[in-house]
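Encoded as structure tokens, the structure appears first; notes follow it.
The values are calculated or read from the model by the stated rules, or taken from the named source; none is laboratory data. These numbers come from a predicted model, not from an experiment. Glycine also receives a Cβ, built like all others from the backbone with ideal geometry; neighbour counts cover every protein chain displayed.
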Amino acid sequence: MGEADLRRIIARVEDLPTLPRTVLRITELVNDPRASAKDLSIIITDDQVLTARLLKLVNSSFYGFPQRVSTVTGAIVLLGFDAIRNLLLTTSVLDLFPARIAHVRRDQEQLWDHSLGCAIGAKAIGNFLRHDKLEELFVAGLLHDIGKIVEMMFLPDEFARITERVRAEGELISSAEQELLGCTHADIGRLLAERWNLPAKLVGVIARHHTPAAAGVFAIESSIVHLADIFTRALDLGSGGDDKVPPLDKAAWELLKLKPGAVDAIMASMLTEFDDIRSFLS
């Protein structure tokens, strides 16, 4: 399927949600070199829900700051503009896809658990590799399968056929998507991320988390999320839509140069952090 065919699928999704105006304003401000912490604080504090979520998150075990952070400005100074944008983007995206049908809600909850596990894994791998953008990796892991949510919510008949094929044939969900839709959740997720004007690196990771060798300048981040996805499936945290562990991309493994002992430590930390981090998104 070509780009035009993919866009026709997306065009069928008439009610595809848009990001909240506040988040769009935050994204614009983060990209403005003249913006100050005070400017960003004014926008965030105008939204009580985002303010509460930000303060809950900055005081959670995810960061582990020794003293309580009580102001938005304090959170911005501690975390930086990019981290604030990424974290508020994440919590806002989670609100955009309310599941109204019971079985869809169950599938969606399982997928969010899988995505959260992948986010924790991506951050853990990045920490081990001394990557300087851990929040960015967390967000990339959390949103890597956003295309599956679009399928669940807006292409329910097609998604039902995909999941039935996965159960009957025992194949990977991406293979079933390709055969029945002509594209995969990674393709759909990329188009949605582009429509939302998300950062190019995040778009690239969403598009290439199964094929990190083709991610170009975002190969490291795509490889990290690719590996975190595999670890999450191996640990059985949630469900990515099938019961299989996807094949490891050899180039990704060679690029990251993780040793077996590191893998054990990373997976152990994922299990430890999963329940703690899950609480701030609930």
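Which residue is surrounded by the most Cβ atoms within 10 Å (Cβ to Cβ), if the candidates are limited to region 234-268 and must be under 17 Å from Ile206 (Cα atoms) and touching a residue at least 60 places away in the same chain (Cβ under 8 Å)? Selected residue: Gly240.
Where in region 168-261 are the helices (runs of 4 or more DSSP H), entirely inside, with at least 2 residues that are out of contact with any Phe, Trp or Tyr (no Cβ under 8 Å at 6 or more places or on another chain) and under 26 Å from Leu24 (Cα atoms)?
Answer list for region 168-261: 185-195, 200-208, 219-234.
Tell me, yes or no, whether region 196-217 has at least one residue that is in contact (Cβ under 8 Å) with a residue 60 or more places away in the chain, in contact with a Cys (Cβ under 6 Å, 6 or more places away or on another chain) and surrounded by 15 or more Cβ atoms within 10 Å (Cβ to Cβ). No, because not a single residue in region 196-217 is in contact (Cβ under 8 Å) with a residue 60 or more places away in the chain, in contact with a Cys (Cβ under 6 Å, 6 or more places away or on another chain) and surrounded by 15 or more Cβ atoms within 10 Å (Cβ to Cβ).
Annotation: Glu179 fulfils all but one of (1) within 15 Å of the chain's Cα centre (by Cα); (2) under 21 Å from Phe154 (Cβ atoms); (3) surrounded by fewer than 16 Cβ atoms within 10 Å (Cβ to Cβ); the unmet one is (1).
Hey, does region 50-57 have a residue that's assigned to a helix (DSSP H, G or I), crowded, with 19+ Cβ neighbours inside 10 Å and charged (D, E, K, R)? Yes.
For region 82-118, filtered to residues that are of a type outside the set (A, V, I, L, M, F, W, C), at pLDDT 80 or above and not assigned by TED's automatic domain parsing to the domain that holds Gly189, the residue that is nearest to Glu136 (Cα to Cα) is Asp82.
Would you check which residues across region 243-282 are polar (S, T, N, Q) and modelled with pLDDT of 85 or more and list them? Give the derivation first.
Our first condition is that a residue be polar (S, T, N, Q); within region 243-282, this holds for 269, 272, 279, 282.
Scanning region 243-282 gives Ser269, Thr272.
What tally of residues in region 141-173 results from selecting those that are surrounded by fewer than 21 Cβ atoms within 10 Å (Cβ to Cβ) and either touching a strand residue (DSSP E or B) at 6+ places or on another chain (Cβ under 9 Å) or within 30 Å of Asn127 (Cβ to Cβ) (or both)? Of the residues in region 141-173, 1 are surrounded by fewer than 21 Cβ atoms within 10 Å (Cβ to Cβ) and either touching a strand residue (DSSP E or B) at 6+ places or on another chain (Cβ under 9 Å) or within 30 Å of Asn127 (Cβ to Cβ) (or both).
Once region 119-137 is narrowed to residues that are at pLDDT below 90 and in a helix (DSSP H, G or I), the residue that is farthest from Asn86 (Cα to Cα) is Leu134.
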